[in-house]
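The values are calculated or read from the model by the stated rules, or taken from the named source; none is laboratory data. Everything numeric here is computed off the predicted structure, so don't read it as measured data. Every residue, glycine as well, gets a Cβ built from its backbone with ideal geometry; the counts of neighbours run over all protein chains shown.
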């Protein structure tokens, strides 16, 4: 989900995220609630549209995840 949001410039409409992440509406809602609770993403409103946006915490989380994947690749885990 976070990669899908980042690929769209850091913010995306919920419906577009649902399709990009290949999730059912119920799954999307559940995952978003948890990500919002953990301050990884937040909802913003522009005009009449709602968007999901990655927070600074979310960007830090994604960077740490990339570092862990690189580490894993270096040692063949």
Candidate set: segment 37-51, residues that are in a strand (DSSP E or B) and more than 10 Å from residue 2 (Cα to Cα); chosen: the one modelled with the lowest pLDDT | 46
Matching residues, segment 20-36, being touching a helix residue (DSSP H, G or I) at 6+ places or on another chain (Cβ under 9 Å) and assigned to a helix (DSSP H, G or I) = 20, 25, 27, 28, 29, 32, 35
Within 13 Å of the chain's Cα centre (by Cα) and assigned to a helix (DSSP H, G or I), is that true of residue 61?
-> yes
Tell me, please, whether a residue that is surrounded by 12 or more Cβ atoms within 10 Å (Cβ to Cβ), in a helix (DSSP H, G or I) and either at pLDDT 95 or above or out of contact with any helix residue (DSSP H, G or I) (no Cβ under 8 Å at 6 or more places or on another chain) (or both) can be found in segment 67-77.
-> no
